[in-house]
């Protein structure tokens with residue numbers, strides 16, 4: 001039987017879906033701010049932005065920095081229906097998360113939802129695929145009915161930080177009472193505006209601790 005092909009270079013990957021050479025090209029997101037996962041030049045508890053204006057979520061972790069060649073894989077995950085990318089990155093994502101983590105794991109994973117109109121166009125939500133794989137590996141339940149995106153928003157690329165915030169303000173609704181500790185799951189955090197808006201909605205509904213777990217963080 002042939003070994004699976006690496007999702008990046010297409011060479012044989014032996015016991016994984018991403019070969020050792022390509023795994024070595026992925027940049028781990030460390031050091032980083034514990035509150036928003038912003039990459040830092042030297043280790044520090046919090047970045048300057050979080051000291052001045054902390055987000056609604058209480059903590060964030062990102063396994064990787066959004067840079068080549070990971071950016072190519074995430075674009076495939078997002079737009080080319082290449083869900084094998086999630087499975088390929090999961091082992092390294094898990095290992096990095098476990099190495100970074102001192103706090104207890106959340107009780108529930110909530111993938112950042114797409115608006116129904118965008119979900120129909122795309123056919124799937126990449127955040128749900130990531131959360132499902134992560135939840136299965138960590139034995140944490142995943143729900144897609146608790147947090148909903150109730151307003152279609154403009155695409156974020158090209159928007160500045162403040163415009164991003166306005167774009168997603170009030171875009172989420174919570175349909176029930178969240179448990180005391182939940183984690184939002186998404187593929188990439190840029191400014192954190194989407195995660196911030198979702199966290200605000202959860203906290204208004206009674207969420208005590210809301211963290212963000214993302215695959216990659218843009219500097």
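The values are calculated or read from the model by the stated rules, or taken from the named source; none is laboratory data. Computed from a predicted model, the values in this text were never measured in an experiment. Don't worry about glycine lacking a Cβ; one is built from the backbone with ideal geometry, like all the others, and counts go over all protein chains shown.
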- Item | Single unsatisfied condition, residue 194 versus (1) at pLDDT below 95; (2) farther than 23 Å from residue 61 by Cβ; (3) under 19 Å from the mean Cα position of the chain (by Cα) | (2)
- Inspect region 6-17 for any residue being at pLDDT 90 or above and not in a loop (DSSP other than H, G, I, E, B) and give the result as yes or no. no
- Is one or more of the residues making up region 71-90 over 29 Å from residue 4 (Cβ atoms), out of contact with any strand residue (DSSP E or B) (no Cβ under 7 Å at 6 or more places or on another chain) and crowded, with 19+ Cβ neighbours inside 10 Å? no
- Message: Testing residue 62 on (1) within 24 Å of residue 199 (Cα to Cα); (2) modelled with pLDDT under 90, one condition comes back false. Which one is that?
- Response: (2)
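Does region 23-59 hold any residues that are over 25 Å from residue 197 (Cβ atoms) and in contact with a helix residue (DSSP H, G or I) (Cβ under 9 Å, 6 or more places away or on another chain), and which are they?
Taking region 23-59 as the starting set, the residues that turn out to be over 25 Å from residue 197 (Cβ atoms) are 23-28, 30-31, 41-44.
Passing the criteria: 23, 25, 26, 27, 28, 30.
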- Message: Out of 114, 110, I need the residue that is in a loop (DSSP other than H, G, I, E, B), at pLDDT 85 or above and buried (at least 17 other Cβ atoms within 10 Å of the Cβ). Which one?
- Response: 114
- Item | Residue count, region 6-57 (criterion: touching a residue at least 60 places away in the same chain (Cβ under 8 Å), over 17 Å from residue 96 (Cα atoms) and within 19 Å of the chain's Cα centre (by Cα)) | 3
- Message: Tell me the residue from 193, 171 that is buried (at least 18 other Cβ atoms within 10 Å of the Cβ), without any contact (Cβ under 8 Å) to a residue 60 or more places away in the chain and out of contact with any strand residue (DSSP E or B) (no Cβ under 8 Å at 6 or more places or on another chain), please.
- Response: 193
- Message: Take the residues in region 35-60 that are in contact with a strand residue (DSSP E or B) (Cβ under 8 Å, 6 or more places away or on another chain) and crowded, with 20+ Cβ neighbours inside 10 Å; name whichever of them is nearest to residue 185 (Cα to Cα).
- Response: 60
- Message: Can you tell me which of (1) at pLDDT 90 or above; (2) surrounded by fewer than 12 Cβ atoms within 10 Å (Cβ to Cβ) is the one residue 147 doesn't meet?
- Response: (2)
